[in-house]
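Q: Following this message is one structure expressed as structure tokens.
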Amino acid sequence: MPEASHAAWWYWGPFLAAFAVIGFWETFAPLRASPVSTPRRWLLNALLMASTNAAQVIVLRSSPGLVALAVSSSGLGLMPKLPWPPAALWLLTILALDFIRYAQHWLMHRVGLLWRIHQVHHADPHYDMTTGLRFHPLESVLVNGSYLAAIALLAPPVAAVLAVEAAAAVQALFAHANADLPAPLERWVRRVWVTPTLHRVHHSADRCEQNRNFGMLFPIWDRLLGTYLAAPSLPARTMPIGLAELSLTQSSSLLAMLTLPVRRPPLRRP
Ligand SMILES: [Zn+2]
């Protein structure tokens, strides 16, 4: 069983490796040109990532791996009561946790108050791997707080939770890559895994396209629940990205982003 002291490395190890690999990919095969200076965008997105991490440490003081470890030794939770083989419990964990992420993301777009918070992620006027790090600190507390509660309720196998953490760390960067897989690979991978080409549709400035492709790891939830969209209506290289109501200056300001949820008048409702 993984030790508590190693839990964080299941996130940071894959994250740092993916950051290096996807950074090279985006640099040598960029799909779109950024409308604002890259150092400025990366600084803002890094500051927002630091604020979401700080909010989690201050408010939640825990991580999915630690909650899974704690609940596994308590004898509580639903999944240990299932008379299933370990492989089936692993599969159930991976699917259940990914579906929870899908449902959380769908709610962020459906509930007005949550959309105000989630707008910070969509306000990025460009799309590269650092877009996947850019959230309002309130979003990290709400999303991760409810995720931790679900893990406490389910008590899934600890190693399966850590495997999802590792996949999520890589996927936050990969799904937002400013690059496309070669077409033949894209056709196969998108059947089972969310690709940058698929998730980019969700960052279109078009409101209908923003309400498509909510999935984190697997596109199966979008396909089953009718929110799947294979391609945007405009070419991916030139389609407008971000929130049309915000200027480049506003979407590049830390203060404007932190106060976006309480902005008067609010941006349009979802
Ligand atoms: Zn979204």
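The values are calculated or read from the model by the stated rules, or taken from the named source; none is laboratory data. Quick caveat, the model's predicted, so the values are computed rather than measured. Using ideal geometry, Cβ is built from the backbone for each residue, glycine included, and neighbour counts are taken over all protein chains shown. Ligands, DNA and RNA are excluded from the accessible area calculation, which covers all protein heavy atoms including side chains. Shrake-Rupley method; radii C 1.70, N 1.55, O 1.52, S 1.80 Å.
Q: From the set of residues in the range 40-54 that are out of contact with any His (no Cβ under 9 Å at 6 or more places or on another chain) and closer than 11 Å to P137 by Cα, which is most open to solvent (accessible area, probe 1.4 Å)?
A: Within the range 40-54, the subset out of contact with any His (no Cβ under 9 Å at 6 or more places or on another chain) is 40, 42-47, 49-50, 53-54.
Restricting the remaining residues to those that are closer than 11 Å to P137 by Cα gives 47, 49-50, 53-54.
Values: L47: 77, M49: 29, A50: 56, N53: 55, A54: 43 Å².
Ranking the qualifying residues of the range 40-54, first place goes to L47.
Q: Give me the pairs, please: first residue somewhere in the range 117-130 and without any contact (Cβ under 8 Å) to a residue 60 or more places away in the chain, second residue anywhere and open to solvent by 10 Å² or more (accessible area, probe 1.4 Å) and assigned to a loop (DSSP other than H, G, I, E, B), beta-carbon distance under 9 Å, and either six or more positions apart or on two chains.
A: H118/F135; H118/H136; H118/P270; H121/F135; H121/H136
Q: Being more than 13 Å from the ligand (Cβ to nearest atom) and either within 14 Å of Q119 (Cα to Cα) or at pLDDT 95 or above (or both), is that true of even one residue in the range 209-218? So that I can check it myself, show each step before the final result.
A: Of the range 209-218, the ones more than 13 Å from the ligand (Cβ to nearest atom) are 217-218.
This time we only want the ones that are either within 14 Å of Q119 (Cα to Cα) or at pLDDT 95 or above (or both), so: 217-218.
Among the residues of the range 209-218, at least one is more than 13 Å from the ligand (Cβ to nearest atom) and either within 14 Å of Q119 (Cα to Cα) or at pLDDT 95 or above (or both), which makes the answer yes.
Q: Scanning for something within 22 Å of D222 (Cα to Cα), within 16 Å of the ligand (Cβ to nearest atom), out of contact with any Cys (no Cβ under 6 Å at 6 or more places or on another chain) and part of a helix (DSSP H, G or I), does the range 150-158 turn up at least one residue?
A: Step one: filter the range 150-158 for residues within 22 Å of D222 (Cα to Cα), giving 150.
From what is left, the residues that are within 16 Å of the ligand (Cβ to nearest atom) are none.
Checked the range 150-158: no residue is within 22 Å of D222 (Cα to Cα), within 16 Å of the ligand (Cβ to nearest atom), out of contact with any Cys (no Cβ under 6 Å at 6 or more places or on another chain) and part of a helix (DSSP H, G or I).
Q: Does at least one position in the range 202-212 carry a residue that is free of Cβ contacts under 8 Å to residues at least 24 places away in the same chain, assigned to a helix (DSSP H, G or I) and surrounded by 22 or more Cβ atoms within 10 Å (Cβ to Cβ)?
A: Yes: one or more hits.
Q: May I ask you to say which residue of M79, M129 is out of contact with any Phe, Trp or Tyr (no Cβ under 9 Å at 6 or more places or on another chain), away from the ligand (no atom under 13 Å from the Cβ) and either closer than 28 Å to A177 by Cα or open to solvent by less than 30 Å² (accessible area, probe 1.4 Å) (or both)? Give the steps one after another, and end with the answer.
A: Working: M129 fails: out of contact with any Phe, Trp or Tyr (no Cβ under 9 Å at 6 or more places or on another chain).
Residue meeting the stated conditions: M79.
Q: Checking the conditions here, which among L217, L185 is open to solvent by less than 10 Å² (accessible area, probe 1.4 Å) and farther than 16 Å from A236 by Cα?
A: Values: L185 fails: open to solvent by less than 10 Å² (accessible area, probe 1.4 Å).
Checking each option against the conditions leaves just L217.
Q: Given the structure, is L260 over 28 Å from R191 (Cβ atoms) and either at pLDDT 95 or above or open to solvent by less than 40 Å² (accessible area, probe 1.4 Å) (or both)? Please lay out each step first, then the result.
A: Values: over 28 Å from R191 (Cβ atoms): yes; either at pLDDT 95 or above or open to solvent by less than 40 Å² (accessible area, probe 1.4 Å) (or both): yes.
Judged against the criteria, L260 is a match.
Q: With (1) more than 23 Å from the chain's Cα centre (by Cα); (2) more than 26 Å from P137 (Cβ to Cβ) as the list, and T93 as the residue in question, which single condition is left unmet?
A: (1)
Q: Could you check, for the range 83-98, whether at least one of its residues is within 16 Å of the ligand (Cβ to nearest atom) and surrounded by 18 or more Cβ atoms within 10 Å (Cβ to Cβ)?
A: Quick first cut of the range 83-98, residues within 16 Å of the ligand (Cβ to nearest atom) only: 98.
Checking which are surrounded by 18 or more Cβ atoms within 10 Å (Cβ to Cβ) leaves us with 98.
Yes, the range 83-98 has at least one match.
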